[in-house]
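The values are calculated or read from the model by the stated rules, or taken from the named source; none is laboratory data. The model shown is predicted, which means the values in this text are computed figures rather than measured ones. Neighbour counts run over all protein chains shown; Cβ positions are idealised from the backbone, glycine included. Quick note on the areas: whole protein, heavy atoms, side chains included, nothing else; ligands and nucleic acids left out. Shrake-Rupley method; radii C 1.70, N 1.55, O 1.52, S 1.80 Å.
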Amino acid sequence: MYRTHNCGELGLKDIGIEVILSGWIQKIRNLGSLLFIDIRDYFGITQLIISKKLMKENTFLGKEFLIKIKGKVVKRLSKNYNIPTGEIEILVSHIDLLNPSLSTPFTIENETDGNEEIRMIYRYLDIRRNIMKKNLMIRHNLTMEIRNFLSDNGFLEIETPMLINYTPEGARSFVVPSRIHPNQFYALAQSPQLFKQLLMIGGIDKYFQIVKCFRDEDSRSDRQIEFTQIDCEMSFVEVYDVLKFFEYFIKHIFKKIRNIKLDSFPSISYSDAIKMYGTDTPDIRFDMSFLEFNNLVKTKNINFLKTQELVIGIQIKKCYNIHDNDKMNSFLKTTKNKNFFWIKYSYNKTLFFSKKNFLNKEIIKIFVQHFKASPGDLLFFSYGEKKETREKLGKIRLKIADLLNLNNSKIFKPLWIKDLPLLEWEDKSNKYKSVHHPFTSPKEEDIHFLKKNPKNVRSQSYDLIINGIEIGSGSIRIHNKNIQNLIFKHLGLSQKEIESKFGFFLKAFEYGVPPHGGIAFGLDRLVNLLEGNKNIKNFIAFPKNNYGKDMMTNAPYFLEKEKLKELHLR
Ligand code: ASP
């Protein structure tokens, strides 16, 4: 028998009983006449006392050795109220060594000295750390909550294939060579998109799946090439129904997992998001939305500004003190030679400003009055070509929020972004590309642009952004064969290609496609966000590094010649 109890459950109620415990040695303290050992298992930590005699037989013991002990539960003199077993200890009568351990490459403590790389190489040791184990438990609880909630609300969990055909979904797919079909390839599913739509055509009313997706994308620290989606689809719904239900879903999750009650989710259109925040993923924990000044600079005849395509600015209220924010001051200096200018209205009512070669006190006053600025405010402006000016100020807005610590990770501000463009022109390939994916429905009122002016068509799509992070994204789908066909053509597919790639799908359109729509949330991102948005990898048991490499198993790796031959690759 390896254990009568686990290392996290013994307490005062157990005083006097004989127990057997198994666990890894967390800590050894040698007090000369006595030895104290903390042993750890999945459930917790228990302190052991080893007598001098027993100690002599076990001098070889070290950290992370796995032992089985027999002993009696006794009251502890110096109690540790931080752990559940802190009022007792085990007076050990017998020790069995189950397995020795090398000394570990990093400390098995919450605050470890191991860097990310070494922790990934020895992930099994990393998972022994309480904090990592807890992260996996949180993820488990979240997944269980999601499954139960969706199932209780009539969603059926259905698995869809991973090995599919290559379809244009936005990213690059991983390909898998077929041994049985020479020179033919599967692609790993980027998402279950087509299959979940086919389930709706199959009469399933609501579907979900917690599913691995694969995208051959470039490295980024918040992105994994294989990641998990909470993928959902519903029949007979419009945008309103999807947003309403999934707002309820997200609120439920936050309440259950973090006991946080979220306010109603506001929604804005994509074009407003760009105009107000310079990004389609705005962080609205802080306001600072853009104001446009083209009219003002024209009427006031401000020379170097009135000829600009766009002049925009933000106001940072009452949170600025020029005398004690060194970081802000050095940041402002870095914006000197670019298309920016700023005005600092100090608490002693002096106005400081940049770009003295263009600006003067009169011009500055125009802006201060326009903003109704008061002492303590910082005004920051960007000017130039429209798109670039907005994007740049969007980044500055985040930078300033960061310098002022406005991005509190305990506050959550969800936002729906709606009506993304259906298609965008890609110069590189000289083709249109779907902004969401090719199955997204255009907005009813924009369909008439579809033939002649596809760039102006908005789609029935929506993204859920929380604290500036895209947590979910979805759309109402096309359920009309002609429109679907036209979209494929806009994407540059010939009729022959449409037939060979999507023939099966278009055929299904002949059999009564219900109106349908859905969404997919990123599970890894969601759990990371719920827990403070530090590092997505901490919530994935075996993550890849930022270059898509598994540091522990060394995947991807070369294949032997014979294997390549078998796969018809040589
Ligand atoms: N399949 C889409 C994605 O992976 C989500 C959706 O439209 O439901 O982004």
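Once you have the Kirkwood Rh of region 391-453 from its Cα pairs, apply Stokes-Einstein at 20 °C and 1.002 mPa s and quote D in µm²/s. Walk me through the numbers on the way to the answer.
Working: Rh = 15.4 Å.
This corresponds to a translational diffusion coefficient of 139 µm²/s.
Let me see the P(r) profile for region 211-320: every Cα-Cα distance counted, bins of 10 Å, each bin given as a percent of all pairs.
Values per bin, smallest distances first: 10, 21, 33, 19, 13, 4.
Between beta-carbons, use under 11 Å as the cut-off and find the net charge around residue 445, counting Lys and Arg +1, Asp and Glu -1. Walk me through the numbers on the way to the answer.
On the way: positive: 443, 458; negative: 419, 444, 446.
Here the count lands on -1.
Determine the shape class of region 10-53: with a ≥ b ≥ c the square roots of the Cα gyration tensor eigenvalues, call it rounded for a/c under 1.5, and otherwise prolate if a/b is greater than b/c, oblate otherwise.
Values: a/c = 2.25, a/b = 1.28, b/c = 1.76.
In terms of gyration-tensor shape, oblate.
For the chain, which whole-number percentage of the solvent-accessible area (1.4 Å probe, protein heavy atoms only) is attributable to carbon and sulfur atoms?
Result for the chain: 51 percent of the exposed heavy-atom area is carbon or sulfur.
Relative to 2.2 N^0.38 Å, what does the C-alpha radius of gyration of region 150-227 come to as a ratio? Two decimals please. Please report the intermediate quantities before stating the final value.
Values: Rg = 14.6 Å, N = 78, 2.2 N^0.38 = 11.5 Å.
Scaled against compact globular proteins, the figure is 1.27.
Please work out how much length the chain gains when fully extended from residue 94 to residue 110, using 0.36 nm per residue of separation minus the C-alpha to C-alpha distance, in nm with one decimal. Intermediate results must be reported in sequence, preceding the final value.
Values: separation 16, 0.36 × 16 = 5.76 nm, distance 2.99 nm.
Gain on extension, residue 94 to residue 110, equals 2.8 nm.
Bin by bin, in steps of 5 Å, what percent of the Cα pairs in region 337-442 do you find, going until the bin that has the longest distance?
It works out to 2, 9, 13, 14, 16, 13, 10, 9, 8, 5, 2, 0, in whole percents.
Once Lys and Arg get +1 and Asp and Glu get -1 on their Cβ, which of 367, 83, 448 lies farthest toward the positive end of the dipole of the chain?
My answer, from the dipole projection, is 367.
Radius of gyration and Dmax for the chain's Cα atoms, expressed in Å?
30.1, 94
Report, ordered by chain and residue number, the aspartates and glutamates lying within cross-link reach of residue 53, taken as a straight Cα distance under 16 Å and ignoring same-chain residues fewer than 8 apart.
Partners within reach: 96.
How large is the dipole of region 81-204 about the Cα centre if only Lys and Arg carry +1 and Asp and Glu carry -1, each at its Cβ, rounded to the nearest 20 debye?
Details: 11 positive and 14 negative charges, 120 e Å.
Dipole of region 81-204, to the nearest 20 debye: 580 debye.
For the chain, what is the accessible area per residue in Å², given a 1.4 Å probe and the full set of protein chains? Mind showing how you got there, number by number?
On the way: 29820 Å² over 570 residues.
Per residue, the chain has an accessible area of 52 Å².
Kindly identify region 365-426 as rounded, prolate or oblate by the Cα gyration tensor criterion: order the square roots of the eigenvalues as a ≥ b ≥ c, call it rounded if a/c is under 1.5, otherwise compare a/b with b/c, prolate if a/b is larger, else oblate.
Values: a/c = 2.23, a/b = 1.28, b/c = 1.74.
Oblate, because a/c is 1.5 or more while a/b does not exceed b/c.
For region 467-570, what is the charge dipole size about the Cα centre, in debye to the nearest 20, if Lys and Arg each add +1 at the Cβ and Asp and Glu each add -1 at the Cβ?
240
Run the dipole for the chain about the Cα centre, Lys and Arg Cβ at +1, Asp and Glu Cβ at -1, nothing else charged, and hand back the magnitude in debye, nearest 20.
Numbers: 88 positive and 65 negative charges, 336 e Å.
For the chain, the charge dipole is close to 1620 debye.
Could you name the lysines in cross-link range of residue 255, using Cα to Cα under 16 Å and dropping any fewer than eight places away on the same chain?
410, 413
Once all Cα-Cα distances of region 411-570 are split into 10 Å bins that start at 0, what whole-number percent is in each one?
Taking every Cα pair in region 411-570, the percentages come to 9, 25, 25, 25, 14, 1.
Taking H placed 1.01 Å from N in the peptide plane, check which residues at least 5 places from residue 413 or on another chain put their amide H under 5 Å from its amide H.
467
Can you work out the base-10 log of I(q)/I(0) for region 48-154 at q = 0.12, 0.16, 0.21 1/Å, using the Debye formula on its C-alpha atoms alone?
-0.66, -0.97, -1.16
Report residue 248's accessible area, 1.4 Å probe, all protein chains in place, as a number in Å² to the nearest 10.
Using a 1.4 Å probe on the heavy atoms, I get roughly 120 Å².
Which of 325, 60, 380 sits closest to the plus end of the dipole of the chain, meaning its Cα is farthest towards the positive end, when Lys and Arg get +1 and Asp and Glu get -1 on the C-beta?
The one lying farthest along the dipole's positive direction is 325.
Below 8 Å between Cα atoms, with a sequence gap of 6+, how large is the relative contact order for the chain in percent? Before the final figure, lay out each step's value.
Working: 1023 pairs, mean separation 77.2, N = 570.
Relative contact order here is 14 percent.
Could you tell me which residue out of 313, 342, 250 lies farthest along the dipole of region 204-359 toward its positive end? Charges go on the beta carbon: Lys and Arg +1, Asp and Glu -1, centred on the Cα centre.
342
With θ taken as phi - 60° and the coefficients 6.51, -1.76 and 1.60, list the Karplus ³J(HN,Hα) couplings across region 176-187 in order, rounded to whole Hz; mark glycine and proline as x.
10, x, 8, 7, 6, 10, x, 6, 10, 10, 8, 10
Can you list the DSSP H helices in the chain whose Cα atoms extend at least 18 Å along the helix axis and whose mean Kyte-Doolittle hydropathy is -0.5 or higher? Mind dumping the intermediate values first?
Numbers: long enough: 130-152 (32 Å, -0.40); 239-258 (28 Å, 0.20); 386-403 (26 Å, -0.99).
The answer, listed by residue number, is 130-152, 239-258.
If we count every other residue with Cβ under 14 angstrom of residue 243's Cβ, Lys/Arg +1 and Asp/Glu -1, where does the sum land? List each step's numbers first, then the result.
Values: positive: 244, 251, 418; negative: 238, 241, 247, 419, 463.
Value of the local net charge: -2.
Through the Karplus equation 6.51 cos²θ - 1.76 cosθ + 1.60, θ set to phi - 60°, convert the phi angles of region 454-469 into ³J(HN,Hα) values in whole Hz; use x for Gly and Pro.
x, 4, 8, 7, 8, 10, 8, 10, 7, 10, 9, 10, 10, 6, x, 10
Calculate the length of the line joining the C-alpha centroid of region 130-198 to that of region 348-403, in whole Å.
46
Kirkwood hydrodynamic radius (Cα pairs, Å) of region 1-115? Each step should come with its number before you reach the end.
On the way: mean 1/r = 0.0699 Å⁻¹.
This gives a value of 14.3 Å.
Can you show me the helix-derived [θ] at 222 nm for the chain, built from DSSP H runs with n ≥ 4 at -39,500 (n - 2.57) apiece and divided by the number of residues, rounded to the nearest 500.
After summing the helix terms and dividing by the residues of the chain, the value is -8500 deg cm²/dmol.
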